[in-house]
Structure formats: structure tokens, C-alpha cells
1. Using square roots of five times the C-alpha gyration tensor eigenvalues, list the equivalent-ellipsoid semi-axes of segment 34-177 in whole Å, biggest first.
2. Leaving ligands, DNA and RNA out of it, work out the accessible area of residue 133 with a 1.4 Å probe and give it in Å² to the nearest 10.
3. I'd like the FRET efficiency for residue 75 and residue 119, computed as 1/(1 + (r/R0)^6) with the beta carbon distance as r and R0 of 35 Å, rounded to 0.05.
4. For the chain, modelled as a Gaussian network with Cα springs under 10 Å, which listed residue fluctuates most, 162, 125, 43?
5. Under the Kirkwood approximation applied to all pairs of distinct alpha-carbon atoms, what is the hydrodynamic radius of segment 118-177 in Å?
6. Leaving out ligands, DNA and RNA, and with a 1.4 Å probe, what % of the accessible surface on the chain is carbon or sulfur?
7. Report the label-to-label distance for residue 105 and residue 93 in nanometres (one decimal), using points 7 Å from each Cα along the Cα→Cβ vector.
8. If you average the alpha carbon positions of segment 140-160 and of segment 84-131, how far apart do those two centres end up, in angstrom?
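The values are calculated or read from the model by the stated rules, or taken from the named source; none is laboratory data. Note that the structure is a prediction, hence the values are computed from the model and not measured. Heads up, the Cβs are rebuilt from the backbone with ideal geometry, glycines too, and the neighbour counts pull from every protein chain shown. We work out accessible area using only protein heavy atoms, side chains counted, and drop any ligands, DNA or RNA first. Shrake-Rupley method; radii C 1.70, N 1.55, O 1.52, S 1.80 Å.
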Amino acid sequence: MSSERLFFALWPDELTRQALFRQAEGVQAAAVDGKSVPAENFHITLRFLGSLDIDDWRRAERAAGRVRKRDIELVVDHAGHWSETRVLWLACQDVPDPLLGLLADLNTELGGEGFEFRSRPWRPHVTIGRGVTQVTELPSIEPVRWAVTRFVLVRSELGGRHSEYEVVREWDLATSD
Ligand code: 3AM
């Protein structure tokens, strides 16, 4: 039986997703093994929650509803590989303060709802390959601007070749229309 898990994430709009994919393709080609993550699954995980019962799920949503809005502009401008986790990724050289603020707010609010406090370093990234043990030289990428207007709660189903993700709820972050 497949398990069901929830996580908070930044979810790109369609144009940003396509722009990320154009940059990801060349980087994915540098993977010697593993599998490429399909573009429809691209995201930045904010906080993985694990399997939650309905009460915890509602508590997580209440916490998210208290997170303050802020404008976040990301520039995804480099690629890398973590051999420990076998993850191939795209990320921002400069993680903007409003993104760190969003994460801090979310973790504080989750803490207030009884979720464990997290002090582990967080390295925001878009996973574009999994099970990658080796890469040839990684190409540089063209910067992709990502105007973040929302964050989302995602349900993840394992089981097939790739995880299946479903956005179950979203919270607006833009400070103006
Ligand atoms: O897609 P990325 O790499 O951001 O690695 C998992 C994935 O991250 C991570 O949560 C995201 C959605 O599945 N994840 C899975 N299990 C995890 C765990 N036990 C985990 N992160 C922390 N602890």
C-alpha cells in the first residue's frame, strides 16, 4: 500500500515551471544515473510534515493561515548535486530574506500548533533528479526569475516511478493585487 504524506512548498506557476524546465534539461543530462524528476513535480519544499491524521492536518492548515504575507522574488541561478542524498537540484545563490522570513513564520506557527520545532539548516532547492550518485561537469544555467505569490500544502503519494503530488490548499502571499 502506498503511504500518503503532506508537505508545505512553493509551487511555480506554469511559465516559471517551463522556464525552470528549460534550465533543468541540460543539468539532468549531466546525471550519470538516477532518474529525472518530471517538470510537473518541480517545487521548493518549505517543510515536510509526514503522514498526518485529520486533526493534525487541520492544525497545520491553521498554522499556515497565520503566516504573514510578503513579496518574495527568487532568482534560480545555479545547479548542484548532493551525493549524500543523491539529489540533483537547482537553487538560488542568494536566498532572499523574505523567503527566510516565510520559513521562520511557518515554523513558528507550526510550533504554536504543537508541531516539533525545527532548527535543522534548510537549503531551499528544486529537486530535478533523484538517485543520482554521479554527475559529469554541471553546466551553468540562465537565471530564472520566480515571483512567489503563494505557498501550498501538497499531498504526496509514493508508489509509481515518480511521486504523485496534489496541491490540496494554497495561501496567498502577495501584499497587493
Ligand atoms: O522534493 P524535495 O527534495 O524538496 O525529499 C523529500 C522531498 O523533498 C522530502 O519532502 C519532499 C517531498 O516529498 N522528504 C521526504 N521525506 C522526508 C523526511 N522524512 C523529507 N524531508 C524530511 N524528512
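1. Numbers: eigenvalues 139, 78, 40 Å².
Working through the eigenvalues yields semi-axes of 26, 20, 14 Å.
2. The value for residue 133 is about 60 Å².
3. Working: r = 27 Å, r/R0 = 0.76.
Result of the calculation: an efficiency of 0.85.
4. Its mean-square fluctuation being the largest, the pick is 162.
5. Working: mean 1/r = 0.0643 Å⁻¹.
It works out to 15.6 Å.
6. Details: 4440 of 9630 Å².
Carbon plus sulfur share of accessible area: 46 percent.
7. 2.8
8. 12
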